[in-house]
Amino acid sequence: MDKKYSYFIINIVLILFSVIPFITTFKCRLYGVDQSSLETTFTEIINSTSYDRIINLGRVSFSGTATSVKIDNQKYVSTYHTSNSLGVPHYFLLIIDIHTKSIKLNLTLNEKRDSGSFWQIAAPNSNEIVGIRESFHAGSSLEVAKINQTNGLMETIGTYPYGSYSLVMVYASKRRLYYNVIESTFYAVNIDTGKLDINIRIPNGYTIYAIDYDSVNDRLIALVYSSSITNGWILTQLTITAKNEIRFDPIGKTIIPFEKYLWTTTYTMNTNERLWITIWSIKDSNKNIFIVFNIDTGNIMEKWETNLNHFSNLVCFD
Ligand SMILES: *[C@@H]1O[C@H](CO)[C@@H](O)[C@H](O)[C@H]1NC(C)=O
Ligand SMILES: *[C@@H]1O[C@H](CO)[C@@H](O)[C@H](O)[C@H]1NC(C)=O
Ligand SMILES: *[C@@H]1O[C@H](CO)[C@@H](O)[C@H](O)[C@H]1NC(C)=O
(Lines give C-alpha, C1' and ligand atoms only; values in the text may rest on other atoms or scores of the structure.)
(Ligands and ions follow the chains in the order given, each with its own letter.)
Protein backbone atom coordinates (compact mmCIF):
# COMPACT_ATOMS: atom_id res chain seq x y z
CA MET A 1 0.00 0.00 0.00
CA ASP A 2 1.15 3.51 -0.76
CA LYS A 3 2.81 4.96 2.32
CA LYS A 4 0.98 8.26 2.15
CA TYR A 5 -2.33 6.45 1.85
CA SER A 6 -1.77 4.19 4.85
CA TYR A 7 -0.74 7.20 6.91
CA PHE A 8 -4.02 8.82 5.88
CA ILE A 9 -6.00 5.73 6.96
CA ILE A 10 -4.23 5.59 10.32
CA ASN A 11 -5.02 9.22 10.86
CA ILE A 12 -8.70 8.71 10.06
CA VAL A 13 -8.87 5.78 12.49
CA LEU A 14 -7.20 7.86 15.19
CA ILE A 15 -9.62 10.70 14.60
CA LEU A 16 -12.62 8.36 14.76
CA PHE A 17 -11.54 6.81 18.03
CA SER A 18 -10.15 9.78 19.83
CA VAL A 19 -12.14 12.82 18.81
CA ILE A 20 -15.68 11.87 17.87
CA PRO A 21 -16.94 11.18 21.40
CA PHE A 22 -15.98 14.68 22.51
CA ILE A 23 -16.73 17.05 19.68
CA THR A 24 -20.00 18.61 18.74
CA THR A 25 -21.06 17.20 15.41
CA PHE A 26 -23.96 19.53 14.68
CA LYS A 27 -23.17 22.66 12.78
CA CYS A 28 -26.31 24.58 13.63
CA ARG A 29 -25.98 27.27 16.30
CA LEU A 30 -27.87 26.21 19.42
CA TYR A 31 -29.57 28.76 21.68
CA GLY A 32 -31.86 28.50 24.65
CA VAL A 33 -32.71 29.99 28.01
CA ASP A 34 -30.99 29.17 31.25
CA GLN A 35 -33.38 29.42 34.21
CA SER A 36 -31.02 27.97 36.81
CA SER A 37 -30.73 31.23 38.74
CA LEU A 38 -33.17 33.96 39.74
CA GLU A 39 -32.41 35.83 36.55
CA THR A 40 -32.94 34.04 33.25
CA THR A 41 -30.28 34.32 30.58
CA PHE A 42 -30.43 33.83 26.84
CA THR A 43 -27.51 31.51 26.19
CA GLU A 44 -25.68 29.91 23.29
CA ILE A 45 -24.36 26.37 23.64
CA ILE A 46 -21.02 26.36 21.83
CA ASN A 47 -20.12 22.76 22.52
CA SER A 48 -20.28 20.18 25.26
CA THR A 49 -18.05 22.17 27.57
CA SER A 50 -18.57 25.76 26.58
CA TYR A 51 -21.51 28.13 26.57
CA ASP A 52 -21.99 31.83 26.22
CA ARG A 53 -24.47 33.87 28.24
CA ILE A 54 -25.62 36.54 25.81
CA ILE A 55 -28.51 38.51 27.33
CA ASN A 56 -29.78 38.76 30.88
CA LEU A 57 -33.58 38.71 30.61
CA GLY A 58 -34.21 39.39 34.30
CA ARG A 59 -36.77 37.69 36.51
CA VAL A 60 -38.96 36.11 33.89
CA SER A 61 -40.64 32.72 33.42
CA PHE A 62 -41.03 30.65 30.31
CA SER A 63 -44.12 28.49 30.73
CA GLY A 64 -43.04 25.65 28.50
CA THR A 65 -39.71 24.02 27.81
CA ALA A 66 -40.19 24.06 24.04
CA THR A 67 -41.82 27.47 23.66
CA SER A 68 -39.36 29.04 21.23
CA VAL A 69 -39.11 29.10 17.45
CA LYS A 70 -37.03 30.77 14.79
CA ILE A 71 -38.12 33.21 12.10
CA ASP A 72 -36.05 33.83 8.92
CA ASN A 73 -33.20 31.82 10.45
CA GLN A 74 -32.20 34.96 12.32
CA LYS A 75 -34.80 35.70 14.97
CA TYR A 76 -35.29 33.73 18.16
CA VAL A 77 -38.96 34.10 19.09
CA SER A 78 -40.56 33.21 22.41
CA THR A 79 -43.18 34.24 24.91
CA TYR A 80 -42.60 34.67 28.62
CA HIS A 81 -44.39 36.08 31.61
CA THR A 82 -43.61 38.00 34.77
CA SER A 83 -45.67 38.43 37.92
CA ASN A 84 -46.09 41.60 39.87
CA SER A 85 -46.09 41.73 43.68
CA LEU A 86 -49.77 40.70 43.73
CA GLY A 87 -49.05 37.68 41.58
CA VAL A 88 -50.81 39.13 38.55
CA PRO A 89 -49.12 37.79 35.41
CA HIS A 90 -47.98 39.93 32.50
CA TYR A 91 -47.32 38.32 29.15
CA PHE A 92 -44.67 39.31 26.62
CA LEU A 93 -43.51 38.43 23.14
CA LEU A 94 -39.73 38.36 22.86
CA ILE A 95 -37.73 38.49 19.64
CA ILE A 96 -33.94 38.32 19.77
CA ASP A 97 -31.77 38.89 16.71
CA ILE A 98 -29.01 36.30 16.93
CA HIS A 99 -26.76 38.15 14.48
CA THR A 100 -26.66 41.40 16.45
CA LYS A 101 -27.22 39.53 19.76
CA SER A 102 -29.82 42.07 20.80
CA ILE A 103 -33.49 42.25 21.69
CA LYS A 104 -35.52 43.28 18.65
CA LEU A 105 -38.92 43.17 20.29
CA ASN A 106 -40.16 42.93 23.87
CA LEU A 107 -43.87 43.49 23.45
CA THR A 108 -46.60 43.42 26.07
CA LEU A 109 -49.31 40.96 25.07
CA ASN A 110 -52.88 41.79 25.87
CA GLU A 111 -56.44 41.05 25.08
CA LYS A 112 -59.88 42.26 25.99
CA ARG A 113 -60.96 39.12 27.77
CA ASP A 114 -59.48 35.67 28.33
CA SER A 115 -55.79 35.19 28.37
CA GLY A 116 -53.40 32.54 29.53
CA SER A 117 -49.86 31.40 29.44
CA PHE A 118 -48.47 29.98 26.19
CA TRP A 119 -47.13 26.45 26.44
CA GLN A 120 -45.77 26.53 22.95
CA ILE A 121 -45.61 28.85 19.97
CA ALA A 122 -45.02 28.43 16.24
CA ALA A 123 -44.35 30.80 13.37
CA PRO A 124 -46.23 29.63 10.25
CA ASN A 125 -44.50 32.52 8.45
CA SER A 126 -42.63 35.67 9.44
CA ASN A 127 -45.84 37.68 9.92
CA GLU A 128 -47.79 35.04 11.75
CA ILE A 129 -47.25 33.78 15.30
CA VAL A 130 -49.64 31.25 16.81
CA GLY A 131 -49.44 29.19 19.94
CA ILE A 132 -51.17 26.87 22.37
CA ARG A 133 -52.13 28.38 25.68
CA GLU A 134 -54.38 27.76 28.63
CA SER A 135 -57.98 28.39 27.76
CA PHE A 136 -60.72 30.02 29.77
CA HIS A 137 -63.37 29.08 27.26
CA ALA A 138 -66.07 26.72 28.54
CA GLY A 139 -65.32 23.04 27.91
CA SER A 140 -61.71 23.60 27.05
CA SER A 141 -58.40 23.61 28.90
CA LEU A 142 -56.15 24.47 25.94
CA GLU A 143 -56.64 26.55 22.83
CA VAL A 144 -54.81 27.87 19.80
CA ALA A 145 -54.41 31.64 19.72
CA LYS A 146 -52.65 34.10 17.46
CA ILE A 147 -50.44 37.01 18.40
CA ASN A 148 -50.30 40.29 16.52
CA GLN A 149 -46.62 41.34 16.49
CA THR A 150 -47.53 45.01 15.94
CA ASN A 151 -49.92 45.72 18.79
CA GLY A 152 -49.55 42.63 20.98
CA LEU A 153 -53.20 41.66 20.71
CA MET A 154 -53.93 37.97 21.19
CA GLU A 155 -56.98 36.26 19.80
CA THR A 156 -58.37 32.74 20.14
CA ILE A 157 -58.46 30.75 16.89
CA GLY A 158 -59.86 27.41 18.08
CA THR A 159 -60.15 25.23 21.15
CA TYR A 160 -59.38 21.62 22.09
CA PRO A 161 -61.79 19.53 24.18
CA TYR A 162 -61.42 19.70 27.94
CA GLY A 163 -58.98 17.32 29.63
CA SER A 164 -55.62 16.93 31.26
CA TYR A 165 -52.59 17.47 29.06
CA SER A 166 -48.85 16.95 29.17
CA LEU A 167 -47.35 19.38 26.64
CA VAL A 168 -47.25 16.98 23.72
CA MET A 169 -47.93 19.39 20.90
CA VAL A 170 -46.55 20.56 17.57
CA TYR A 171 -47.49 22.77 14.67
CA ALA A 172 -47.21 21.20 11.18
CA SER A 173 -46.52 23.99 8.69
CA LYS A 174 -47.45 22.15 5.48
CA ARG A 175 -50.78 21.05 6.96
CA ARG A 176 -51.68 24.27 8.83
CA LEU A 177 -52.59 21.99 11.76
CA TYR A 178 -51.66 22.44 15.42
CA TYR A 179 -51.52 18.96 16.99
CA ASN A 180 -52.05 18.28 20.65
CA VAL A 181 -52.48 15.22 22.86
CA ILE A 182 -55.13 15.44 25.58
CA GLU A 183 -56.05 12.40 27.66
CA SER A 184 -54.93 9.72 25.17
CA THR A 185 -56.55 11.44 22.22
CA PHE A 186 -54.70 13.01 19.34
CA TYR A 187 -56.25 16.30 18.21
CA ALA A 188 -55.46 19.00 15.70
CA VAL A 189 -56.88 22.47 15.26
CA ASN A 190 -56.74 23.92 11.76
CA ILE A 191 -55.28 27.41 12.23
CA ASP A 192 -57.22 28.86 9.26
CA THR A 193 -60.68 27.59 10.14
CA GLY A 194 -60.26 27.07 13.89
CA LYS A 195 -61.97 23.70 13.51
CA LEU A 196 -60.93 20.51 15.25
CA ASP A 197 -59.89 18.56 12.13
CA ILE A 198 -58.28 15.59 13.90
CA ASN A 199 -59.76 13.66 16.82
CA ILE A 200 -58.31 10.15 17.07
CA ARG A 201 -57.81 7.87 20.02
CA ILE A 202 -54.19 6.84 20.57
CA PRO A 203 -53.94 3.04 20.24
CA ASN A 204 -53.77 1.03 23.48
CA GLY A 205 -50.27 0.20 24.57
CA TYR A 206 -48.76 3.47 23.40
CA THR A 207 -47.97 6.68 25.26
CA ILE A 208 -46.66 9.69 23.38
CA TYR A 209 -44.04 11.72 25.27
CA ALA A 210 -43.23 14.22 22.53
CA ILE A 211 -44.12 15.03 18.96
CA ASP A 212 -42.19 17.11 16.50
CA TYR A 213 -42.58 17.92 12.83
CA ASP A 214 -40.15 17.35 9.99
CA SER A 215 -41.17 20.13 7.60
CA VAL A 216 -38.79 18.92 4.87
CA ASN A 217 -40.58 15.59 4.50
CA ASP A 218 -43.94 16.62 5.97
CA ARG A 219 -43.89 13.91 8.64
CA LEU A 220 -44.54 13.68 12.35
CA ILE A 221 -41.90 12.25 14.66
CA ALA A 222 -42.99 10.91 18.04
CA LEU A 223 -41.08 9.83 21.10
CA VAL A 224 -43.18 7.00 22.51
CA TYR A 225 -43.47 4.28 25.06
CA SER A 226 -44.78 1.07 23.59
CA SER A 227 -45.92 -1.89 25.70
CA SER A 228 -44.02 -4.13 23.27
CA ILE A 229 -40.74 -2.44 24.24
CA THR A 230 -41.05 -2.13 27.97
CA ASN A 231 -37.60 -0.94 28.99
CA GLY A 232 -37.43 2.44 27.30
CA TRP A 233 -38.55 5.15 24.91
CA ILE A 234 -38.34 4.78 21.14
CA LEU A 235 -38.41 7.22 18.24
CA THR A 236 -41.19 6.61 15.73
CA GLN A 237 -42.88 8.13 12.73
CA LEU A 238 -46.54 8.85 13.47
CA THR A 239 -48.99 8.54 10.60
CA ILE A 240 -52.74 8.62 10.31
CA THR A 241 -53.96 5.77 8.15
CA ALA A 242 -56.77 5.80 5.58
CA LYS A 243 -58.95 4.14 8.24
CA ASN A 244 -58.34 7.17 10.45
CA GLU A 245 -56.15 5.27 12.88
CA ILE A 246 -52.78 6.18 14.31
CA ARG A 247 -49.79 4.11 13.33
CA PHE A 248 -46.32 4.26 14.86
CA ASP A 249 -43.39 3.05 12.76
CA PRO A 250 -40.13 2.78 14.69
CA ILE A 251 -37.26 4.86 13.29
CA GLY A 252 -34.15 2.74 13.73
CA LYS A 253 -33.46 0.61 16.77
CA THR A 254 -32.41 3.10 19.42
CA ILE A 255 -33.98 2.64 22.86
CA ILE A 256 -33.51 5.26 25.57
CA PRO A 257 -33.54 3.24 28.80
CA PHE A 258 -36.05 4.08 31.54
CA GLU A 259 -33.70 3.09 34.33
CA LYS A 260 -31.08 5.67 33.33
CA TYR A 261 -32.92 8.79 32.15
CA LEU A 262 -35.99 10.96 32.61
CA TRP A 263 -37.65 12.86 29.79
CA THR A 264 -37.56 16.65 30.35
CA THR A 265 -39.78 17.79 27.43
CA THR A 266 -36.85 19.88 26.15
CA TYR A 267 -36.03 19.45 22.48
CA THR A 268 -35.65 21.07 19.10
CA MET A 269 -35.42 19.87 15.54
CA ASN A 270 -33.06 21.08 12.86
CA THR A 271 -34.44 19.71 9.61
CA ASN A 272 -31.48 20.72 7.43
CA GLU A 273 -29.09 18.70 9.53
CA ARG A 274 -31.77 16.03 10.10
CA LEU A 275 -31.27 16.27 13.86
CA TRP A 276 -33.49 16.11 16.89
CA ILE A 277 -31.64 17.66 19.82
CA THR A 278 -33.02 16.62 23.21
CA ILE A 279 -32.16 17.08 26.88
CA TRP A 280 -32.82 14.34 29.44
CA SER A 281 -32.11 14.30 33.13
CA ILE A 282 -29.92 11.54 34.46
CA LYS A 283 -31.61 9.55 37.20
CA ASP A 284 -30.16 9.83 40.71
CA SER A 285 -27.93 12.76 39.74
CA ASN A 286 -28.38 16.48 39.24
CA LYS A 287 -26.87 16.31 35.79
CA ASN A 288 -28.53 16.45 32.43
CA ILE A 289 -27.55 14.87 29.17
CA PHE A 290 -27.87 16.07 25.59
CA ILE A 291 -28.88 13.28 23.23
CA VAL A 292 -28.89 14.14 19.53
CA PHE A 293 -30.75 11.80 17.17
CA ASN A 294 -30.68 11.56 13.42
CA ILE A 295 -34.39 11.76 12.51
CA ASP A 296 -34.05 9.46 9.49
CA THR A 297 -32.02 6.63 11.01
CA GLY A 298 -32.88 7.04 14.69
CA ASN A 299 -29.17 6.75 15.45
CA ILE A 300 -27.68 8.74 18.31
CA MET A 301 -25.26 11.21 16.75
CA GLU A 302 -23.91 12.56 20.00
CA LYS A 303 -24.46 12.37 23.70
CA TRP A 304 -22.89 14.50 26.41
CA GLU A 305 -23.49 15.35 30.01
CA THR A 306 -23.95 18.90 31.14
CA ASN A 307 -24.22 20.83 34.36
CA LEU A 308 -26.78 23.14 32.78
CA ASN A 309 -29.82 21.71 34.49
CA HIS A 310 -32.47 24.33 33.87
CA PHE A 311 -31.74 24.91 30.24
CA SER A 312 -34.67 24.84 27.84
CA ASN A 313 -36.42 26.42 24.87
CA LEU A 314 -33.83 25.24 22.40
CA VAL A 315 -33.61 26.55 18.85
CA CYS A 316 -30.80 25.60 16.46
CA PHE A 317 -30.06 28.11 13.67
CA ASP A 318 -28.52 27.09 10.32
C1 LIG B 1 -15.44 24.26 23.00
O2 LIG B 1 -15.41 25.59 22.54
C3 LIG B 1 -14.36 26.35 23.16
C4 LIG B 1 -14.57 27.80 22.72
O5 LIG B 1 -14.70 27.91 21.35
C6 LIG B 1 -13.02 25.78 22.75
O7 LIG B 1 -11.98 26.52 23.35
C8 LIG B 1 -12.96 24.34 23.24
O9 LIG B 1 -11.78 23.73 22.78
C10 LIG B 1 -14.15 23.54 22.68
N11 LIG B 1 -14.17 22.25 23.34
C12 LIG B 1 -14.48 21.14 22.68
C13 LIG B 1 -14.49 19.93 23.53
O14 LIG B 1 -14.73 21.10 21.49
C1 LIG C 1 -39.37 44.01 28.58
O2 LIG C 1 -40.39 44.98 28.83
C3 LIG C 1 -40.79 45.04 30.20
C4 LIG C 1 -41.97 46.02 30.27
O5 LIG C 1 -41.68 47.20 29.67
C6 LIG C 1 -39.61 45.49 31.03
O7 LIG C 1 -40.01 45.56 32.38
C8 LIG C 1 -38.48 44.49 30.87
O9 LIG C 1 -37.35 44.91 31.57
C10 LIG C 1 -38.13 44.30 29.40
N11 LIG C 1 -37.18 43.21 29.30
C12 LIG C 1 -36.01 43.30 28.69
C13 LIG C 1 -35.15 42.09 28.75
O14 LIG C 1 -35.65 44.32 28.12
C1 LIG D 1 -52.00 43.74 13.69
O2 LIG D 1 -52.61 44.92 14.11
C3 LIG D 1 -52.43 46.01 13.22
C4 LIG D 1 -53.08 47.24 13.85
O5 LIG D 1 -52.46 47.59 15.02
C6 LIG D 1 -53.07 45.72 11.88
O7 LIG D 1 -52.80 46.77 10.97
C8 LIG D 1 -52.50 44.42 11.33
O9 LIG D 1 -53.17 44.05 10.15
C10 LIG D 1 -52.60 43.31 12.35
N11 LIG D 1 -51.88 42.16 11.84
C12 LIG D 1 -52.42 40.97 11.66
C13 LIG D 1 -51.55 39.89 11.14
O14 LIG D 1 -53.60 40.76 11.93
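The values are calculated or read from the model by the stated rules, or taken from the named source; none is laboratory data. Computed from a predicted structure; not experimentally measured. Reconstructed Cβ throughout: ideal geometry from the backbone, glycine too, with neighbour counts over all protein chains shown. When the accessible area is computed, the model is the full protein with side chains, heavy atoms only, and any ligands, DNA or RNA have been set aside. Shrake-Rupley method; radii C 1.70, N 1.55, O 1.52, S 1.80 Å.
What the table shows:
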quantity: Virtual paramagnetic centre 7 Å along Cα→Cβ of HIS310, amide N under 15 Å, in the range 73-114; calculated: 81-83
quantity: Distance between modelled label sites at GLU111 and LYS195, nm, 7 Å Cα→Cβ extension; calculated: 2.3 nm
quantity: Hull shadow area, averaged, the range 118-169 [alpha-carbon convex hull, nm²]; calculated: 3.6 nm²
quantity: Trypsin sites (Lys or Arg not before Pro) restricted to the range 204-281 and DSSP loop, no more than 11 other C-beta within 10 Å; calculated: LYS243
quantity: Probe 1.4 Å, accessible area per residue of the chain, Å²; calculated: 48 Å²
quantity: For the chain, alpha-carbon Rg over 2.2 N^0.38 Å; calculated: 1.05
quantity: Prolate/oblate/rounded label for the range 111-224 (Cα gyration tensor, a/c 1.5); calculated: oblate
quantity: Net charge over other residues, Cβ less than 9 angstrom from the Cβ of GLY158 (K, R count +1; D, E count -1); calculated: 0
quantity: Entries in LYS70/LYS104; LYS101/LYS174; LYS75/LYS101; LYS27/LYS287; LYS101/LYS303; LYS70/LYS195 that, when Cα-Cα distance is taken, lie over 20 Å; calculated: LYS101/LYS174; LYS27/LYS287; LYS101/LYS303; LYS70/LYS195
quantity: Förster radius 51 Å - calculated FRET efficiency between GLU245 and SER85 (Cβ-Cβ, nearest 0.05); calculated: 0.50
quantity: Semi-axis lengths, Å, the range 172-222, gyration tensor of Cα atoms, sqrt of 5 times eigenvalues; calculated: 19, 15, 7
quantity: Rule-of-thumb Rg ratio for the range 150-305 [Cα; 2.2 N^0.38 Å; N residues]; calculated: 1.08
quantity: Carbon and sulfur %, accessible surface of the chain computed with the full protein complex present, 1.4 Å; calculated: 51 percent
quantity: Inter-label distance, nm, simple model (7 Å from Cα along the C-beta direction), GLN74/HIS137; calculated: 3.5 nm
